[in-house]
1. Please verify whether the stretch A:382-400 includes one or more residues that are in a strand (DSSP E or B), within 11 Å of another protein chain (Cβ to nearest Cβ) and under 28 Å from A:L482 (Cβ atoms).
2. Within the bounds of the stretch A:111-121, is there any residue that is free of Cβ contacts under 8 Å to residues at least 40 places away in the same chain and hydroxyl-bearing (S, T, Y)?
3. Condition first: within 14 Å of chain A (Cβ to nearest Cβ), part of a loop (DSSP other than H, G, I, E, B) and open to solvent by 10 Å² or more (accessible area, probe 1.4 Å). Now tell me which residues in the stretch B:44-82 satisfy that.
4. Does C:H328 satisfy the condition of being modelled with pLDDT of 95 or more, outside any helix (DSSP H, G or I) and open to solvent by 10 Å² or more (accessible area, probe 1.4 Å)?
5. Name the residue that is farthest from A:D497 (Cα to Cα), counting only residues in the stretch C:272-288 that are open to solvent by 10 Å² or more (accessible area, probe 1.4 Å) and at the interface with chain A (Cβ under 7 Å from one of its Cβ atoms).
6. Quick check: is even one residue across the stretch C:419-437 small (G, A, S), open to solvent by less than 10 Å² (accessible area, probe 1.4 Å) and without any contact (Cβ under 8 Å) to a residue 60 or more places away in the chain?
7. Sort out which residues of the stretch C:476-486 are of a type in the set (A, V, I, L, M) and more than 7 Å from every other protein chain (Cβ to nearest Cβ), and write them in order of number.
8. Inspect the stretch C:408-424 for any residue being modelled with pLDDT under 95 and over 20 Å from C:G70 (Cα atoms) and give the result as yes or no.
Amino acid sequence: MAKLLALSLFLLLSSCFAIREHQPHQKQQPQQNECQLEQLNALEPDNRIESEGGIIETWNPNNRQFRCAGVALSRCTLQRNSLRRPSYSNAPQEIFIQQGSGYFGMVFPGCPETFEEPQESEQRESRRFRESEQRESRRIRESEQGESRRFRESEQGEGRRFRDSHQKVNRFREGDLIAVPTGTVFWMYNDQDTPVIAVSLIDTGSFQNQLDEMPRRFYLAGNQEQEFLQYQQQQVRGRGEQRRGREQQENEGGNIFSGFKRDFLEDALNVNRHIVEKLQGRNEDQEKGAIVKVEGGLSIMSPPERQQRHPSRQDEEDEDEEDEWRPHHQKSRRERERHNGLAETICTARLHQNMVSSSSPDIYNPQAGRIKTITSFDLPALRWLRLSAEHGTLHRNAMFVPHYNLNANSIILALNGRARLQVVNCNGNTVFDEELEAGRALIVPQNFAVAAKSVSDRFTYVSFKTNDNAAIARLAGTQSTLSGMPVDVLAATFNMDRNEARQLKNNNLFKFLVPPRESERRAAA
Amino acid sequence: MAKLLALSLFLLLSSCFAIREHQPHQKQQPQQNECQLEQLNALEPDNRIESEGGIIETWNPNNRQFRCAGVALSRCTLQRNSLRRPSYSNAPQEIFIQQGSGYFGMVFPGCPETFEEPQESEQRESRRFRESEQRESRRIRESEQGESRRFRESEQGEGRRFRDSHQKVNRFREGDLIAVPTGTVFWMYNDQDTPVIAVSLIDTGSFQNQLDEMPRRFYLAGNQEQEFLQYQQQQVRGRGEQRRGREQQENEGGNIFSGFKRDFLEDALNVNRHIVEKLQGRNEDQEKGAIVKVEGGLSIMSPPERQQRHPSRQDEEDEDEEDEWRPHHQKSRRERERHNGLAETICTARLHQNMVSSSSPDIYNPQAGRIKTITSFDLPALRWLRLSAEHGTLHRNAMFVPHYNLNANSIILALNGRARLQVVNCNGNTVFDEELEAGRALIVPQNFAVAAKSVSDRFTYVSFKTNDNAAIARLAGTQSTLSGMPVDVLAATFNMDRNEARQLKNNNLFKFLVPPRESERRAAA
Amino acid sequence: MAKLLALSLFLLLSSCFAIREHQPHQKQQPQQNECQLEQLNALEPDNRIESEGGIIETWNPNNRQFRCAGVALSRCTLQRNSLRRPSYSNAPQEIFIQQGSGYFGMVFPGCPETFEEPQESEQRESRRFRESEQRESRRIRESEQGESRRFRESEQGEGRRFRDSHQKVNRFREGDLIAVPTGTVFWMYNDQDTPVIAVSLIDTGSFQNQLDEMPRRFYLAGNQEQEFLQYQQQQVRGRGEQRRGREQQENEGGNIFSGFKRDFLEDALNVNRHIVEKLQGRNEDQEKGAIVKVEGGLSIMSPPERQQRHPSRQDEEDEDEEDEWRPHHQKSRRERERHNGLAETICTARLHQNMVSSSSPDIYNPQAGRIKTITSFDLPALRWLRLSAEHGTLHRNAMFVPHYNLNANSIILALNGRARLQVVNCNGNTVFDEELEAGRALIVPQNFAVAAKSVSDRFTYVSFKTNDNAAIARLAGTQSTLSGMPVDVLAATFNMDRNEARQLKNNNLFKFLVPPRESERRAAA
């Protein structure tokens, strides 16, 4: 009986997964001509917005290559104790943590607030971290001086502490990929000394974006311009259109609250004018920007840190990390379910996954390098986003073989070192043959062929793909496109004899990563 | 065993529903720039076409706001005894019955004709309604004088009556939302004294529309212009393009049959030239239009009317209405299945649902108002359309809090009274801050924030949404976006102290509708 | 227990199929205005590229009708012993075999190579075909002279033969419809005297195409221009844009390998410069083109030919053809599964289906003709492509009744004979009223009404539809749109009496195909 049930379940799931596969990716199509690219360029950010607590750099989304791929790219650097203020976007978003670690949160409408501050009696078991201080000494100090500032709310009521509760908060670390669904509020915070560098891809061509192709960031706070506004204006100007409506210069810059009249917000929030003004960022310095410094650091409620990591066990930890991150004073599962029918689905979904430190890469050759791919099979939340990603490391003179993406555009960002990349379009033309160096991005459109060879000791990159199950076809090596064809067809196709065709099929025994030739390895050593 | 089966079924359904959720809405993307809206306007219909039996008013679909949202809006007023002639559209359509009641029908290709006129012997149990007459006296009169006119077909054959059969006919009433799938023939008829006012939203941006974004109405009868033709021509002229092909002036206006040559139709239908000419509307007055008056009223076969309604029981009736509407002399289920494999799915699907009179609104506050939402969970047919709708009533000075649609554009049409609405875009700019009065429509693009406060005693509106499970995120109140974030993050975000942040999270205890302040309520009283 | 399982399975599948139906077709929308067609034209190919072994003709995809439908059409003629070199496209593709028979192959990344040459001991059971020779004499000759040429690889190693293995190879014949998914490498070969004529529809408007709307063919070999390149250039020039980047004249023409530098390919494939040059088609004559002649014919491994066909049994053969085509020395199912988790799904999916010779047409009337439709219910692989097709034959003076496609554009290609077609748009205008003759294509946009009457003894056509479950609504005949409406509604709609309305509903007893009138039949005889 139990077996039968298990079987039904299995069939059910596999069948439903199968359906999914039939609908690879719903992606809007670029305007006519946008993808008739005869030359690709390795692109750098062309704009940089300084904030109090960091920098936001953006690539120009009006660039033809970005328009062809239907995506926008930006990079955010967070200093220590800095908070990227909450915002949401009109399209699904993948964030790759290139460096650093910290906390992030998302707010899902209708999901319960499952992180709750403890009762006095429970407090002993819980901890609040402030990272600049020694863990133990912190708790003592908190109960001495800090208390007065942090728990001023005890002014209200009969001296009972205000117990905060909020939605899940997650810890991120270097190499994480974070999935942010369309319209979902997202914030992140750096509690460490190392600056956090986070690269964000917004898939504006997604069917989930019902606005036009422009990326948009809706901030909940501050009075800074959103980072993509300038490109909108550029584009409008470029097309010779007149700006309509009122004067733009005056009220540009502002958050989603600042456009509402004060009385509306006073009524809606039942707070006084003073608080509304802060909400609207009225008197705030525009320079403060989208990333703010938090004096003395932010105190974030989180489950007690685990004991020292055993590097050898890191991988298993990766796998059950999610379980560990459940707050230990969380409501019971049943209790949460009462709040919301979706509690066990979206509300508790895993939203990030490490791509780098894992000891189980998907492709590995000690002489050539390693590749790790995160699809919706690894991180199911990517199914909503219809995005995936790949992280790769190539050793000097190692290459990844010519291949193409069947069902996705690919946005390659070099993270470290340099590699020579070649890209070929449908006319057989070389549209790119240059070195891609750290910090530059290259867009490889769907079906265009690409190959790379590392010029540095270690070339690392991250590649964002506009399909949650992006598939590649390799043009060389075992189980490549060539080896799938009969040797006689190959011989006739390439006008060669059977022996040559056989070499084409079989000489390269590697699958994706090719180590340097013996001679090159010696030369390098 | 039965339990196991039930469980499998449950899992199966929930699993498949889960899949559905991952594919919120496939919606075409507007042209570049279309949604860079710095000012929204409350829009009125800009064209009005008078027909014999009513009026069709249309909003200009070339208006930039409509182009951004990818929809077209029109309003049809049907006088008593008037029939909106059958037509179909190139996109899914939601029709909201603002006023009145009557009958509607749709024709699904391949579905059986399950409404059948009775045999003589059965006739006693059935009734045919002609609404201008007293029910009982009607039947008597029919069998006396009316018979001669209506059953002239007994001329043919051996005096056996012709028994008509056709697909299901439905009764609609005020507050109904009707779902019309792409390409499906639809007609409606007003059998009451109150004029019927029906507002129709066509989602031209739907992936189901494989033509361009222009709304199109294909009429099966008449020789009037279809109501959106003028905008097509406007647009073509606006772009300076030349009209190709033959002269347009001559053969404009006409139905889907009038473009075929007579001999084709004679052969295809096996009828004489006289009938074909009527089919093509050749000799018909163009003024007759898309809505025709039916002399003496239309007789529509329908199950016997139920006994007097108990207003208190109305709601339960809503729920089982569908069952009651099955004609009692309908073929057995098994018999129908033999006709068509789809018989129990599309052919018998529920196609309308009341939004207004229901005593179970989704959001309710006696001092503030009520909201009722119809998604594909309420009316599964909306799953095909990928549309939903919301109906709301706000009392004087009550408001709905600032919020945004995560995954849909929203088209708000004011039905009664006036309210002040504010809309904010991604740059924090107020793009609308005016009173919206009855009869005007406002488009709120995806992710733009909106709030409203009623200026009248009762402000009512209907809001069409371009997603069958449109989700909103509230920016104020319990379980809002703000309350999902840690109080310390809020404090840092808005540069306020923890106490102020706490007020932001907790002061408003309402969820969506906020009643007027005490002082306002007193002033109003 | 078994029953329960079967039931669960059934429910599961039907439920998931039901879901599928709710998502008819994700198709990109054409640019604004593209479908405001006031006149359609029957189109011929406007370009013809001669290759060594055949011809490729293309219809102009920039034609407004093709842009409206979002598709590209081409026709390939393969001479005897000619191979269409492997290529892939940026969109799903349907290929209809108008004439001839031969072999085709596709390469699916990650699928196992399940066709393996036998060991010496097995060799007796297997055969390799070379069609110009008598079957038996061939094998003898091979082992005598041919051996030296074909098995030169025995130079390598200890005299052990190189045993080739590759992915499945399929045999196609006249009337087949072949489904080629986006990005999948496809090749075909004619081993018969009759030239193969293959018509290919590329659905560039598919959501699976993430590039712009231009069709693109990526060749794996040769140095010819891909057949749609000229239209790209035309379009770019037409818009007055400057060609960017390096000079185009020089390196135009080439395959996906020719854009890579030689050293990259040498390293990636581990072959010498000589082979790489052949791969890149460097020294090859451009005139050779996309179709090459194979001297002496190609030897393709395939299961032993079945005994002589019994025409009467042909249909059953159609059904189990797939099983028979499994190579008998194929690895066991379990063995294959070990290679790849997808082995039993994509890797072994049926990819073609005959539309013509089948003795079970879907619509059949001996006096009027026959229609066969292939949807994803017939050929499940079409679910990935979101395409379907229809094949029809009309006798002289027979017609198919006025009807429209609810959810698809339709591309009708006349194969034999001539018929008069009429098409009507939403304004009731005749947009086409001409004879469509063999070799010409007519695009009938979604919801436009169409009817046809054969002028020849046999008019045959194939119609490609941009939806895997394209549905039509008939405007005449039993169970048509008219007969779904109450007779009184019809009477009021068309301003006729009940008797006339009844004739409209009932006079034509045919469903789709209408035989010629008695008088016409006599005249023809």
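The values are calculated or read from the model by the stated rules, or taken from the named source; none is laboratory data. A quick note: this is a predicted structure, and the numbers were derived from the prediction, not measured. Positions of Cβ are generated from backbone atoms using ideal geometry, with glycine treated the same way; all protein chains shown enter the neighbour counts. Ligands, DNA and RNA are excluded from the accessible area calculation, which covers all protein heavy atoms including side chains. Shrake-Rupley method; radii C 1.70, N 1.55, O 1.52, S 1.80 Å.
1. There is at least one residue in the stretch A:382-400 that is in a strand (DSSP E or B), within 11 Å of another protein chain (Cβ to nearest Cβ) and under 28 Å from A:L482 (Cβ atoms).
2. Kept after step one, since they are free of Cβ contacts under 8 Å to residues at least 40 places away in the same chain, are these residues of the stretch A:111-121: A:121.
With hydroxyl-bearing (S, T, Y) added as a condition, the list becomes A:121.
Scanning the stretch A:111-121, I find at least one residue that is free of Cβ contacts under 8 Å to residues at least 40 places away in the same chain and hydroxyl-bearing (S, T, Y), so the answer is yes.
3. Residues of the stretch B:44-82 within 14 Å of chain A (Cβ to nearest Cβ): B:63-71.
Filter once more, keeping what is part of a loop (DSSP other than H, G, I, E, B): B:63, B:70-71.
Answer for the stretch B:44-82, where residues must be within 14 Å of chain A (Cβ to nearest Cβ), part of a loop (DSSP other than H, G, I, E, B) and open to solvent by 10 Å² or more (accessible area, probe 1.4 Å): just B:N63.
4. On the way: modelled with pLDDT of 95 or more: no; outside any helix (DSSP H, G or I): yes; open to solvent by 10 Å² or more (accessible area, probe 1.4 Å): yes.
Judged against the criteria, C:H328 is not a match.
5. The selected residue is C:E284.
6. Quick first cut of the stretch C:419-437, residues small (G, A, S) only: C:419, C:428.
Subset that is open to solvent by less than 10 Å² (accessible area, probe 1.4 Å): C:419, C:428.
Keeping just the survivors that are without any contact (Cβ under 8 Å) to a residue 60 or more places away in the chain gives C:419, C:428.
Yes, that holds for at least one residue.
7. Initial filter on the stretch C:476-486 (of a type in the set (A, V, I, L, M)): C:476, C:482, C:485.
If the condition is that a residue be of a type in the set (A, V, I, L, M) and more than 7 Å from every other protein chain (Cβ to nearest Cβ), then C:L482 is the only one that fits.
8. Narrowing the stretch C:408-424 to residues modelled with pLDDT under 95: none.
For the stretch C:408-424, residues modelled with pLDDT under 95 and over 20 Å from C:G70 (Cα atoms): absent.
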